1. Above 19 angstrom, tally the Cα pairs of segment 35-85 and express them as a % of all pairs, no decimals.
2. Restricting things to alpha carbons, tell me how big segment 1-72 is in terms of Rg and Dmax, in Å.
3. Translational diffusion coefficient, Stokes-Einstein: compute it for segment 71-157 using the Kirkwood radius over C-alpha pairs as Rh, at 10 °C and 1.306 mPa s, and state it as an integer in µm² s⁻¹.
4. Quick one: Cα centre-to-centre distance for segment 43-87 and segment 91-157, in angstrom?
5. What FRET efficiency would be calculated for the residue pair residue 49, residue 100, taking the C-beta separation as r and a Förster radius of 25 Å, to the nearest 0.05?
6. If you count only protein heavy atoms with a 1.4 Å probe, what accessible area per residue comes out for the chain, rounded to a whole Å²?
7. Within segment 48-76, list the residues whose amide N lies under 19 Å from a label point set 7 Å along Cα→Cβ of residue 137.
8. Just to check I understand the Karplus step: with θ = phi - 60° and J = 6.51 cos²θ - 1.76 cosθ + 1.60, what whole-Hz values come out for segment 37-44, glycine and proline as x?
Amino acid sequence: MMPIPPGDSAKYISKQIEVKGEVEHPLTLTVDSLMKMNVATIENFKVVCQSGASMKENKSCKGVLLKDILEKANITQQNHKDRNFYIVARATDNYKATFSWAEIFNNPTGENVYVLFEENGQPIKAQGEMILICKNDIKTGPRHVYWLKSIEVNRVD
Ligand SMILES: Nc1nc2c(c(=O)[nH]1)N[C@H]1C(S)=C(S)[C@@H](COP(=O)(O)O)O[C@H]1N2
Ligand SMILES: [Mo]
């Protein structure tokens with residue numbers, strides 16, 4: 001991927017997230033709609049690149065569990081063995097992170113993946129308007145997706 005020059009960030013900002021794919025109720029989410037869901041406060045969240053470099057540290061952030069969003073959209077499971085799905089969180093610059101159904105719905109990671117809409121009491125601006133994070137990753141940089149624009153549910157063929 002080509003690096004984005006800092007002055008160019010404005011055109012990558014996304015004001016909504018599309019939740020789509022193998023879901024019964026496709027959703028368009030905004031900061032306002034997330035605020036009406038079950039909002040959690042995440043404290044002392046650090047972003048560490050795969051290289052080990054410390055990138056940023058938030059004293060406090062606000063967000064909604066990815067699990068709650070997916071439950072609202074309702075993944076189209078045909079029967080209880082139909083659970084091989086992968087979920088792609090994609091940004092406007094096409095940066096992306098991938099999760100599995102089992103990570104979210106049958107593993108403690110499900111309680112650690114959030115879509116954030118506020119950092120340190122402020123709306124998310126340059127990296128806005130929403131960021132997806134996975135708090136319990138060893139290096140949190142790779143699955144820290146800023147400029148988040150979609151959450152796509154796919155079934156493994
Ligand atoms: N949309 C988008 N998200 C991204 C990236 C990117 O290039 N585009 N880079 C990732 C990488 S490699 C890291 S280490 C962290 C860095 O987060 P920071 O820019 O807040 O320091 O964001 C991640 N999220
Ligand atoms: Mo990184």
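The values are calculated or read from the model by the stated rules, or taken from the named source; none is laboratory data. Keep in mind the model is a prediction, meaning the values are calculated, not measured. Positions of Cβ are generated from backbone atoms using ideal geometry, with glycine treated the same way; all protein chains shown enter the neighbour counts. For the accessible areas, the whole protein counts, side chains as well, though only heavy atoms, and no ligand, DNA or RNA atoms are used. Shrake-Rupley method; radii C 1.70, N 1.55, O 1.52, S 1.80 Å.
1. Here the tail beyond 19 Å accounts for 54 percent of pairs.
2. Answer for segment 1-72, Rg first and Dmax second: 15.5, 40 Å.
3. 115
4. 4
5. Working: r = 23 Å, r/R0 = 0.92.
Efficiency computed from Cβ-Cβ geometry: 0.65.
6. Values: 8550 Å² over 157 residues.
Averaged over the residues of the chain, the accessible area is 54 Å².
7. In segment 48-76, the label zone of residue 137 (backbone N under 19 Å from the point 7 Å along Cα→Cβ) covers 48-70.
8. 8, 7, 8, 10, 9, 10, 9, 6
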